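Notes for the one structure printed next.
Rule-based calculations on the coordinates, nothing more; no lab input. Treat the numbers as computed from the prediction; the structure is a model and nothing was measured. Cβ placement follows ideal geometry from the backbone for every residue including glycine, while neighbour counts extend to all protein chains displayed.
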Amino acid sequence: MFAEENGLHGDPRIKAISDAIRVVPHFPKPGIMFQDITTLLLDPKAFRYTVDIFVDRYRDKKISVVAGVEARGFIFGPPIALAIGAKFVPLRKPRKLPGEVISESYVLEYGTDCLEMHVGAVQPGESVLIVDDLVATGGTLSAAIRLLERVGAEVVECACVIGLPLVKGNWRLNGVPLYVLVEPRLDDLECTL
Amino acid sequence: MFNVEERGDFSRSVFININSPRRREHGYVGGGGSWGGKRKGAVCREESNNSDVEERCITYRAPYVTSLLSTLGTGALRFNPSSAAAVRTGTRYSNMAASNSDHNQGYTVAKDDRISRISSSIRLIPDFPKPGIMFQDITTMLLDPVAFRDTIDLFVERYKEKNISVVAGVEARGFIFGPPIALAIGAKFVPMRKPNKLPGAVISEEYSLEYGTDIMEMHVGAVQAGERTLVIDDLIATGGTLVAAIKLLERVGANVVECACVIELPDLKGRDRLGDKPLFVLVSSI
């Protein structure tokens, strides 16, 4: 669901966050309007708003784990984890995590990729929030959900700064609700670096 | 001999089971060690406040230890190394304060009661990413919300009144520590990334690895000339990565005030490569 439709209607922070995101056309390839959150990180107030909105939503939900997807999930996940007193668990590309891991592969437009998590990082029954900067096809987040469910955790929600429902009106991914602050912009007129 | 106890709980590392009051204080099961009393050179948490005495506390976190430092005095134990990991290891935190001598200028290892919990929460993985390397795994620290919170607090306390306007974090583990610090001190966060990840105009710096080279990139326009900047990474080894980050920032005229890492591997002399740039670390690991 969009934050605006879920308790934050008219909240000026949402517009500040959206305006701080830069759209880079044709990256990484022609036709893609890349939603660049690095400009959000250059605006300390807007970055603070982003984290605050998530923290306000999740602080009383007894979440014990925040799982962040490499690499931009590492930027938003830890501040949320720290504020709500949860563990932070990085979900990484293959061969980055030392020691014992479990892997989950997922489909890309061309080929497949793989997400890994440390064995023992999450216990069965723990309530988990998954964080990434953006949800597009949902492939990465689905793999993340599968990884966590394989170790018996309960994924409470997926939280992203930017996204769209995968199908109009459908805000669930493998049955897990999706919470998004802003939708992707198609133009780059509102924000310049 | 002593017992090496492997904890089922992921959030603890493999510990050598010694009879240390410091361990009991942290809730780890102690006792059973055959050391017979406190080792010479061991520091209890209570003693770490003796600022005049350079005492060292050795924490052993690896499952394989080939020898113990001779500073331990009586009771030093040895056993034959397995072929898997013949690496001397341990973590030393000492009362080393910033030195004003010429060759050591601006080098600080933090001294604080919170350090022992942070240090203990870091897991050592032998032979990763390749044989002979003892990998310092900070993910176990991230599983201990108190240790993670303390880590960030130690950096924030140091930098919050220093007019730092930019925190630059090196991909990927610098992305975990940099943003919470940036948020707390009101600075921008600037990611320093591997090639082809940042969209739009970037500047690049090539740097040496043990075998071959790598490239680090930063966005054009992210940092303005004269901005006071901090560079953050989880660990400094040879210093090559941090040097590349410093170079990128200085190319745009930024003022790199300090480099800050959770862990330093002093034997690799990374701080010497930083030249006149000060280095601040929480844990110095041999």
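Which value in nm describes the separation of the simple spin-label points at A:N6 and A:M33, placed 7 Å from the Cα toward the beta carbon?
2.3
Restricting to DSSP H runs of at least four residues, report the calculated mean residue ellipticity at 222 nm for chain A, -39500 (n - 2.57) per run over all residues, nearest 500 deg cm²/dmol.
Here the helix-only value at 222 nm equals -8000 deg cm²/dmol.
What is the sum of charges, Lys and Arg at +1 and Asp and Glu at -1, for the other residues whose Cβ falls under 15 Å from the Cβ of A:L134?
Computed value for this residue: -1.
Just checking the output field for B:132-143: average partner chain Cβ neighbours within 10 Å of each residue's Cβ?
Mean shielding count: 4.
Could you list which residues have their amide H under 5 Å from that of B:M134, counting only those 5 or more apart in sequence or on another chain, with H placed in the peptide plane?
Those lying under 5 Å, H to H, from B:M134 are B:D127.
Give me a single rounded figure for A:83-90: the average over its residues of other chain Cβ atoms within 10 Å of their Cβ.
Mean partner-chain Cβ count within 10 Å for A:83-90: 5.
Considering every residue in A:72-80, what mean count of other chain Cβ atoms within 10 Å of its Cβ is obtained?
6
What are the equivalent ellipsoid semi-axes of the range A:1-85, built from the alpha-carbon gyration tensor (square roots of five times its eigenvalues), in whole angstrom, biggest first?
The equivalent ellipsoid of the range A:1-85 has semi-axes of 24, 17, 12 Å.
Say each of B:K269 and B:R228 gets a label point 7 Å from the Cα, pointing the same way as Cα to Cβ; how far apart are those two points in nm?
3.2
Is there a quick way to get the dipole size of the range A:45-193? I mean about its Cα centre, with the Cβ of Lys and Arg at +1 and of Asp and Glu at -1; what is the value in debye to the nearest 20?
In debye, rounded to 20, the range A:45-193 gives about 300.
A:P94: net charge of surrounding residues, Cβ under 11 Å, Lys/Arg +1, Asp/Glu -1, itself excluded?
After counting each charged neighbour, the total is 0.
Once you place label points 7 Å from the Cα toward the Cβ at B:V156 and B:E206, how far apart are they in nm?
Those two pseudo-labels are separated by 4.1 nm.
Identify which of A:F34, A:F54, A:F74 has the largest mean-square fluctuation in a Gaussian network model of chain A, with springs joining Cα atoms closer than 10 Å.
The residue that fluctuates most here is A:F34.
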